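Here the structure is laid out as structure tokens; the discussion comes afterwards.
Where a number appears in this text, it was derived from the coordinates with a stated rule and is not lab data. What you see is a predicted model, and the numbers here were worked out from it, not measured in a lab. Neighbour counts are summed over all protein chains in view; Cβ atoms, including those assigned to glycine, are modelled from backbone coordinates with ideal geometry.
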Amino acid sequence: MSKLSLSFFTVAALCGLVGMVFGAVMGVTEDFTLSPSHAHLNLLGWASLAIMGTFYALAGRGGRLGWTNFVLSSAGAIVMSLSLGLYLAGNQPFLNGVMAGTVIAVLGMATFVASVARSWGRTKIAA
């Protein structure tokens, strides 16, 4: 497995663990105010990063574009989820962080799309 793929899986697993603990705390306290933050952490952090890591494990080396994808997607998931939680907790200034995290996450996904598209040129399609 490449370091790029392992990096995606490492951050994905950490996001999954934090997301599970976050969900358990919400369940125990029966306070689901922060559930959108929990959902974004699990979807962007755990699921999306793990899917991207799987792609890079199967496709091989990602190069500079793959590492750019890793940085943007990881940062986007963390910044958006954390800022959203703080915003929902009543900290109005963190709306800017939610917007910044959203832009970063979208750029990360666009970079992933570019990486997938680039792989088409290097792939031999078998029948």
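Results, tabulated for the structure shown:
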read-out	value
S5, S119 arranged by Cβ crowding within 10 Å, fewest neighbours leading	S119, S5
Rounded, prolate or oblate (a/c below 1.5 giving rounded, otherwise prolate when a/b exceeds b/c) for segment 3-116 by Cα gyration tensor	oblate
Long-range HN-HN contacts of L34 with modeled amide H, under 5 Å	none
FRET efficiency, 1/(1 + (r/R0)^6) with R0 41 Å, evaluated for R64 and V21 via beta carbons	0.75
Two-decimal log10 I(q)/I(0) for segment 63-127, as the Debye equation yields it once each C-alpha is a single scatterer, q = 0.14 Å⁻¹	-0.49
Segment M1-A47, length gained on full extension (0.36 nm per residue, minus Cα span)	14.7 nm
Theoretical gain in end-to-end length, L95 to V28 [0.36 nm per residue, Cα-Cα removed]	21.4 nm
Under the span-like rule (Cα at least 18 Å along the axis, Kyte-Doolittle mean at least 0.5), DSSP H helices of the chain	3-29, 63-88, 95-120
Lys/Arg +1, Asp/Glu -1 at C-beta; the chain dipole; positive extreme among L58, P36, G101	L58
